[in-house]
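The values are calculated or read from the model by the stated rules, or taken from the named source; none is laboratory data. Nothing here was measured: the structure is a model prediction, and the numbers come from that model. Cβ sites come from the backbone with ideal geometry, for glycine too, and all protein chains shown count toward neighbours. The protein model used for the area step is the full one, side chains on, heavy atoms only, and it has no ligands, DNA or RNA in it. Shrake-Rupley method; radii C 1.70, N 1.55, O 1.52, S 1.80 Å.
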Amino acid sequence: MNEEANETVMEEEYDLSDVVLGEELDIKVKSDYTDEDIQVLDGLEAVRKRPGMYIGSTSSRGLHHLVWEIVDNGIDEAMAGFATTVCITIDKDNNVTVIDDGRGMPTGINEKTNKSTIETIFTVLHAGGKFGGGAYKVSGGLHGVGASVVNALSKWLEVTVYHEGKEYFIRFENGGQPVAPLAVIGDCDPSKHGSKVRFKPDGEIFQETTEFNHDTLRKRIRELAFLNKGIRLTFDDERETDEKRRHYEFFYEGGLKEYVADINSGKEPIQDDIIYTEGHEKGIQVEVACQYTTDERDAVYTFCNNIFTGDGGTHLDGFNDALKRVINNYAKDRKLIKEKEDITLTAEDCKDGLTAIISVKHPDPQYEGQTKGKLGNSEVRKIVSTIFGAQLERYLLEHPNEAKIILDKILLAYESRLAAKRAREATRNKKNDAFGSLKGKLVDCSSKESSICEIYIVEGDSAGGSAKNGRDSHFQAILPLRGKILNVEKARKHRILENAEIRSMITAFGCGVMEETDTSKLRYNKIVIMTDADVDGDHIRILLLTFFYRFMRPIIEGGYVYIAQPPLYKVQKGKTIRYAYTEQGMERLRNELGDKLAIQRYKGLGEMDADQLRETTMDPKNRTLIRVSLDDAIQADQYFSIMMGEEVEPRKNFIIENADFAELDV
Ligand code: 1YM
C-alpha cells in the first residue's frame, strides 16, 4: 500500500515576515557560471562569473538587489535635492523600469574612457561612485555595487536621459555590451528632466527565478519612503490583476515620525505625541523617532544609509546611552527612585514598550559582524547620544503628565525584570527536577547526538499518541502539549516563565531562554511544530512561533524551527493511495485520477494512524518541512503584535488586507 504516497520532497523556507503571504524562498546560491572561452576578464565578465560576490546571491534576493541598485541612484538624486519622485514599474514580463525627475545622468564624454559618461557608468565597475563628484552617496544597496553590476546581470538594459530639450538613449545587450554609443534620439519638452533605466534580468544568471515578488518590492519601497521624508515613491505592478495592487504612491512628509505611527497602529500608545529629532554633526545625519506603547517589549529598529542594521551597532549604543542617562536622571531628580537605594534603570527597562526608529546617514559606513548587520563607526555613538538625549530631556520637561506615565511604566518593567530573574533562577536551580517533571510528557529519542535529533511539538494527547508510534525513536522525540499555550503577547514575563507548557519546552530544548538562549546547547537540530490543518492548529502554531520569536529568537534566526505539513486529504483509487496537502493539491489529484475516488478529509492529526502519519508527515524521505525564517524583523514584529495583541480592530483590518492568510495552507 501507500505507493506514490508523496507529492513532493522538499524543504522550503518559511519567512515569518511573509507568514501572511507565504512566499520568498531564498535557497542556494548558484555560482558555477563558467565560460572557458573568455581569456581576458573585463569588469562585467567578472561580475557575470561571480555574481554572488556582487549581489550576495543569485536567488530571489539577489534578483531584487538589481532593482534596489537603480532605485538607490534615483533616491540619491532626490536626497541631493534635484529630484522629487522616483517611479518603479514591473511590467508583465518582469522587466523593471525606474524613472526619476532629477538632473538626468551626465550626457557628456568621459575623458579617460573616451566614451560617454553614461556608457562608462554602466560598463565600468564602481564608476558611478568615482564620477560622483563630491556628492556623497548615502542610500546604496547592501553590497554598494553600481549600475554596471545591474547591466552585467541583465539580458538587456536601456538608459534614457531627458536634459535641456533632448532625449538621449543607449541600449546594452547580453550582459552589458553597448549596441551603439549614446545618442540623441529626439527632442523633448525643455522643462522635462530626469533619468530612466529599464532592464531585463538575465535568466541565465538568475536560474532560480526572474520573477519579482510584489510584496517584497512594495514593502521595501514603502520603507524607503519612510526613511527618506519628502520623496515621492511610486510602485506600479502591471502583472497584478487586482486593481488595488497595481499602483501605489508612498510619500511621507513626516518621515520616521510616520513610520513609528504606522508601526504603532497595531499597538496602544501611552503618549499622544511622537518624540522626534533630527540633526547632524561631522557630516553624519541623525534622525530618531519614538513613542511608548502599552507593550512590554521594545520595537527599536536601526538603519544606516537606508539599510536595516539588524544587529544594531554604534547608533543603537548611542540611543541606549541617551535613554538610560536621561531617564535615570529624570527619575532621580523627581525622587521617583531614591538615590541611596541604588536602583539603576537599565536601557532595557527604559525601552519597555518603546517603538523607535533610528536612522543615520554616514558618508563612510563600516559594517561589522558575520552578516554585516552591525554599524561599527565609533564616532556615531556620541553623536546619536547627544542629539537624541537633548530632545528626550526637553520632551520630558515639557510634558510632565506623559513623563509620569512613561516613568511608571519603566519602573514596572524594572520590577517585572527582577521578578522574571527570580523565576528563571528557580528553573535553573531545579534543572534535574525539571527533567523529572518532563516524565510522562516528553517522549525522548534514544540518540543523544543533537545534530541528528528532532523534536516534534504536537497538540493534544491523541495526536501525540499517533506521533509517538509513527516516529523513528532513534532520532525523533515527541512533546505533546495539552491545550493552548499561553499567549506571550498578553502576559507578563514572570507569568510566562511559570507556565507549565512553556517550561516543558524550555526544559526539553535545553537551550535556555531570553538573553541566555544559547543554540549550541540545543538538544535537537530540528524543532518541528506539528499542528492540525485547521483554525485551532493555525492558532497554536502562531502561539508557539510568537513564544519562540519573543523568548528564544536565536532558534528562529539559526533556522532550527520548522513547520510540519500534514495532509488535508487521503485519496484512494483502487489500490493507489495518495495524499493532498492543500486544496489546490486536491484539485490536481481530482484532475489526475478522475472519478471513483474515495476521499477522506483529515480533521486532525489524531485521525491518522501512526503509519499514515509517519508516511506523510514525519519520514524525512517523504515529508515536507517548512523552515521558519526571519527576513524582515519589523514586519514580523508588527505581525505578532497585531495578530496576538490586545487590540481587535487592527487585527480585523490586518486579516482583511491580507486575506490570503486566512486561506493559507502552511
Ligand atoms: C533611474 C536611476 O541614476 N539618476 C541619476 C544619476 C546620476 C545623476 C542624476 C547625476 C549625478 C551627478 C551629476 C553628480 C548619476 N550621475 C553619475 C555620475 N536614476 C539615476 N540622476 N549629474 C547627474 O553626482 O554629480 C552617477 S549616477 F557619475 F555621472 F556623476
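For K521, state whether it is open to solvent by 10 Å² or more (accessible area, probe 1.4 Å), touching a Cys at 6+ places or on another chain (Cβ under 6 Å) and within 21 Å of S446 (Cα to Cα). Considered against the rule, which asks whether it is open to solvent by 10 Å² or more (accessible area, probe 1.4 Å), touching a Cys at 6+ places or on another chain (Cβ under 6 Å) and within 21 Å of S446 (Cα to Cα), K521 comes out as yes.
Across the range 75-124, the number of residues qualifying as free of Cβ contacts under 8 Å to residues at least 12 places away in the same chain and open to solvent by 20 Å² or more (accessible area, probe 1.4 Å) comes to 7. Restricting attention to the range 345-374 and to residues that are assigned to a strand (DSSP E or B) and under 20 Å from D637 (Cβ atoms), the residue that is most open to solvent (accessible area, probe 1.4 Å) turns out to be K374. Just one residue in the set D333, D352 is within 23 Å of the chain's Cα centre (by Cα) and either at pLDDT below 95 or polar (S, T, N, Q) (or both); that residue is D352.
Under the condition of being more than 9 Å from the ligand (Cβ to nearest atom) and under 24 Å from C188 (Cα atoms), the residues counted in the range 109-122 number 5. Determine whether the range 615-633 contains at least one residue that is more than 25 Å from E489 (Cβ to Cβ), in a helix (DSSP H, G or I), touching a residue at least 12 places away in the same chain (Cβ under 8 Å) and over 32 Å from the mean Cα position of the chain (by Cα). Yes; the residues of the range 615-633 include at least one that is more than 25 Å from E489 (Cβ to Cβ), in a helix (DSSP H, G or I), touching a residue at least 12 places away in the same chain (Cβ under 8 Å) and over 32 Å from the mean Cα position of the chain (by Cα).
Only one of D532, D595, D538 is in a loop (DSSP other than H, G, I, E, B) and under 24 Å from I502 (Cβ atoms); which?
Values: D595 fails: under 24 Å from I502 (Cβ atoms); D538 fails: in a loop (DSSP other than H, G, I, E, B).
Sole residue among the options that is in a loop (DSSP other than H, G, I, E, B) and under 24 Å from I502 (Cβ atoms): D532.
Within the range 150-197, the set of residues being outside any loop (DSSP other than H, G, I, E, B), more than 35 Å from the chain's Cα centre (by Cα) and of a type in the set (A, V, I, L, M, F, W, C) comprises F169, I170, A183, V184, I185.
Scanning the range 454-509 for residues that are surrounded by fewer than 21 Cβ atoms within 10 Å (Cβ to Cβ) and in contact with a Cys (Cβ under 7 Å, 6 or more places away or on another chain) yields S473, H474, F475.
Flag: K244 matches the condition of being free of Cβ contacts under 8 Å to residues at least 60 places away in the same chain, more than 19 Å from A83 (Cα to Cα) and open to solvent by 40 Å² or more (accessible area, probe 1.4 Å). Scanning the range 287-321 for residues that are more than 20 Å from D262 (Cα to Cα) and out of contact with any Leu (no Cβ under 6 Å at 6 or more places or on another chain) gives N305, D311, G312, L316, D317, G318, F319, N320, D321.
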